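Here's the structure, in structure tokens; my notes come after.
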Amino acid sequence: MAIRKVERRELPASSPTALTVVRPAPSAQEMGRQIEAKLSSERGRWLRFLASRLPSRGDAEDVLQDFSIRAIQGAARLSDPQKIDAWLNVSLRNTLFDHYRREGARRRLWQGAASEPQPADHDDPDDDIETPMTCLSKAIDELRPAYTDLIRRAELQEAPLKLVASELALTANNVAVRLHRARAALRQSMVARCAACPVRCLAADRFLARRAD
């Protein structure tokens, strides 16, 4: 029987069958360290960026602090160090937009309150806002933690549902359903609170009257 000689040939790097060395993805701890280093080195530039778009340096410092916390908490979602810069830039702008939305919501709230006529025998005009807002805040805090977080993000901070869904690793439809349930739970809680209150504020009377219609 004839014996054939087999030659071993090295495949060029461009060959589709050539082996590619794949480096393991950095750990969450390593990504966190890289992001913290970037936050430190770029702090001055980002602060100038925010200060040019906000009315005061204090506002810029607050937004930068919120952004830094988000970045550190979101480090585990990143696996490619080359995408850190792009991800941080997007996160910074999202944090700034969230600040704009919160400030807009506050202005609309106070503008609406200012246009509401006050009863003639009401001694403290601020009470019509402070009392219901305090009760609402307590009711939100007493919801299921998932509902509390969702109400604060989607309603108080006015974060887009797509952004909330991305942060929770859910679909926008799923988040919308959960938000609907959270609102229903909050309404039930407020109905119970207002009905049991021995000294109802004007807002409580109006709220219960609307629920009764």
Counting only C-alpha contacts under 8 Å and six or more residues apart, can you give the relative contact order of segment 152-213 as a whole percent? 17 percent
Taking a label point 7 Å from the Cα of ALA28 along the Cα→Cβ vector, which residues of segment 60-76 have an amide N closer than 14 Å to it? 72-76
Expected output is a single nm value to one decimal: the length gained when fully extending between SER166 and ARG101, i.e. 0.36 nm times separation in residues minus the C-alpha distance. What is it? 21.5 nm
I need the per residue convex hull volume for segment 157-213, using only the alpha carbons, in cubic angstrom as a whole number. 106 Å³
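FYI, it's all coordinate maths here, none of it is from the lab. Remember, predicted model here, so these are calculated numbers, not experimental data. Cβ atoms come from the backbone with ideal geometry, glycine included; neighbour counts cover every protein chain shown.
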